[in-house]
Amino acid sequence: MPPIKLPEVDRLTIAHILKEHIADYQNHYRLWHEHRKIVYDLLNCRTPYLGGHIDRCDHCGAMRITYHSCRNRHCPTCQHMPRERWLAQRKQEILPTNYFHVVFTLPHELNTVVLNNKKAMLAILFKSASQTLLAFGENDLGGKLGFITTLHTWDQKLNAHFHLHCLVAGGAISPDGSRWNACKGNYLFNERALSLVFRGKFMELMKKACQRDDIKFAGDQFNRMKAQLYEKPWIIDVRDPVKKPEHVLEYLARYTHRVAIANSRIKTLKDGMVTFTFKNRRKNRTETLTVTAVEFIRRFLLHSLPKRFVRIRHYGFLANRNRSANLAAIRQLMGLIDPIDKAVATVESMMQHLTGMDITVCPCCKKGKMQLYRQCH
């Protein structure tokens, strides 16, 4: 009988914690409908419950069982392939210019409101941040910016920390499409000015949402909070630009298709306690934190997103509708040739890029090719 290679057991994962302690969590907290879907998918990801397929070597006859992924966007195991596909699509959109990383962060005083009104409040975050950047592009650069925004809802300890990472191309195309107005050196926009405009736009949009009852408040909570929020600075961080186009995608990959915590950061699960690593940015070092498994699950589920909510968005000349035409016009202004469309990367080639291994080669004899034998349902 030919050997059968079963899927290898991964290191400690979020699924292990859920399997052992989701019942304990439910003794303390209600498991909401949207959370049930996440828990179910993560528990069954790459297990027989989701089915799979068997490949057989055309040389030695060895078989390999591969179970299907859950493809839930909250699953850390399932983000590698979507990220590779997305980055492959972005490769031909990179321009030979500086790219600036701008981070818009909401004050933590808003955390409870956002958690209770995620869809409305996160939509306001995207809208106010994008309107701010587009306005500065028109006023300071005399044209339309192009940028990609990615939502993160966590800090390193899995607490609520709502912020947008924006990758902004260092220039703008004039309204009539006749000029490319590049940024001067390493300067994009003034952080203080960005902060004031962002705060004003966010608060105005939030006020209108409250008037429409899109956001629920208790009594005059909004008026009390409004005064408090106008008293404190809103943090906008404009980081040093990425100067080499070949490094832009590598930089993007750090922020897209991420979840609150990677499995690699989970170190131990023992006696109902979870230890994981986090980066202490003030001390610039990696440390460990230990919490109860129930608290770990609570923090992880804080970062669930509303159904169909888009967390990666494109604006300005990179907006989906006219992106190709805009990029073609900008390249012409720069004296560049439009890139030739390349063949879409296959699953096998992307896996080889991710792992350094050719998954089509038989893991037993190292000579034959693995070919689909049958599906498992």
*asked:* Against the conditions (1) more than 30 Å from A135 (Cβ to Cβ); (2) free of Cβ contacts under 8 Å to residues at least 60 places away in the same chain, where does R308 fall short? Just the number, please.
replied: (1)
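I'd like to know if the stretch 168-177 contains one or more residues that are under 18 Å from K118 (Cβ atoms), assigned to a strand (DSSP E or B), in contact (Cβ under 8 Å) with a residue 60 or more places away in the chain and in contact with a strand residue (DSSP E or B) (Cβ under 9 Å, 6 or more places away or on another chain). Give the derivation first.
From the stretch 168-177, those under 18 Å from K118 (Cβ atoms) are none; that's our starting set.
No, every residue in the stretch 168-177 fails to be under 18 Å from K118 (Cβ atoms), assigned to a strand (DSSP E or B), in contact (Cβ under 8 Å) with a residue 60 or more places away in the chain and in contact with a strand residue (DSSP E or B) (Cβ under 9 Å, 6 or more places away or on another chain).
So that you can scan it fast, the table gives a plain yes or no per residue for (1) under 30 Å from I330 (Cβ atoms); (2) in contact with a His (Cβ under 8 Å, 6 or more places away or on another chain); (3) of a type outside the set (A, V, I, L, M, F, W, C):
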site: I148; (1), (2), (3): yes, yes, no
site: H161; (1), (2), (3): no, yes, yes
site: R179; (1), (2), (3): yes, no, yes
site: C183; (1), (2), (3): yes, no, no
*asked:* Show me the strands (runs of 3 or more DSSP E) found entirely inside the stretch 10-123 where at least 1 residues are at pLDDT 95 or above and not aliphatic (A, V, I, L, M).
replied: 99-105
_Criterion: in contact with a strand residue (DSSP E or B) (Cβ under 8 Å, 6 or more places away or on another chain) and assigned to a helix (DSSP H, G or I) - qualifying residue of Y251, Y255_ = Y251
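Test F217 against the criterion of being surrounded by 13 or more Cβ atoms within 10 Å (Cβ to Cβ), touching a Cys at 6+ places or on another chain (Cβ under 6 Å) and over 30 Å from Y99 (Cα atoms), and give yes or no.
Details: surrounded by 13 or more Cβ atoms within 10 Å (Cβ to Cβ): yes; touching a Cys at 6+ places or on another chain (Cβ under 6 Å): no; over 30 Å from Y99 (Cα atoms): yes.
The answer is no for F217.
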*asked:* Return the pair list, or none, for Cβ contacts closer than 7 Å from residues in the stretch 218-242 that are at negative phi and in the same structural domain as V102 (by TED's automatic domain parsing) to residues that are at pLDDT below 85 and of a type outside the set (D, E), at least 6 apart or on different chains.
replied: V242/V248; V242/Y251
*Looking only at the stretch 182-196, which residues are surrounded by 16 or more Cβ atoms within 10 Å (Cβ to Cβ) and over 25 Å from the mean Cα position of the chain (by Cα)?*
C183
*asked:* For the stretch 258-295, give me each residue that is of a type in the set (D, E, K, R), over 20 Å from P76 (Cα atoms) and not in a strand (DSSP E or B).
replied: D271, R281, R282, K283
*Among residues belonging to the stretch 202-246 that are of a type in the set (D, E) and part of a helix (DSSP H, G or I), point out the one that is modelled with the highest pLDDT.*
E204
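Do we find that F309 is surrounded by 11 or more Cβ atoms within 10 Å (Cβ to Cβ), hydrophobic (A, V, I, L, M, F, W, C) and outside any strand (DSSP E or B) in this structure? Even if it seems obvious, please write down each step before you answer.
Values: surrounded by 11 or more Cβ atoms within 10 Å (Cβ to Cβ): yes; hydrophobic (A, V, I, L, M, F, W, C): yes; outside any strand (DSSP E or B): yes.
Yes.
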_Selected residue (only one of R311, R299 is at pLDDT 90 or above, in the same structural domain as I94 (by TED's automatic domain parsing) and under 28 Å from L125 (Cβ atoms))_ = R311
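Assigned by TED's automatic domain parsing to the domain that holds L252, part of a helix (DSSP H, G or I) and at pLDDT 95 or above: does that describe T132? Show your work before the answer.
Values: assigned by TED's automatic domain parsing to the domain that holds L252: yes; part of a helix (DSSP H, G or I): yes; at pLDDT 95 or above: yes.
Yes, satisfied.
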*Could you check, for the stretch 61-69, whether at least one of its residues is surrounded by fewer than 19 Cβ atoms within 10 Å (Cβ to Cβ), within 30 Å of V197 (Cα to Cα) and not small (G, A, S)?*
no
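The values are calculated or read from the model by the stated rules, or taken from the named source; none is laboratory data. Every value quoted in this text rests on a predicted model; they were computed, and no experiment measured them. Please note: Cβ atoms are built from the backbone with ideal geometry, for glycine as well, and neighbour counts cover all protein chains shown.
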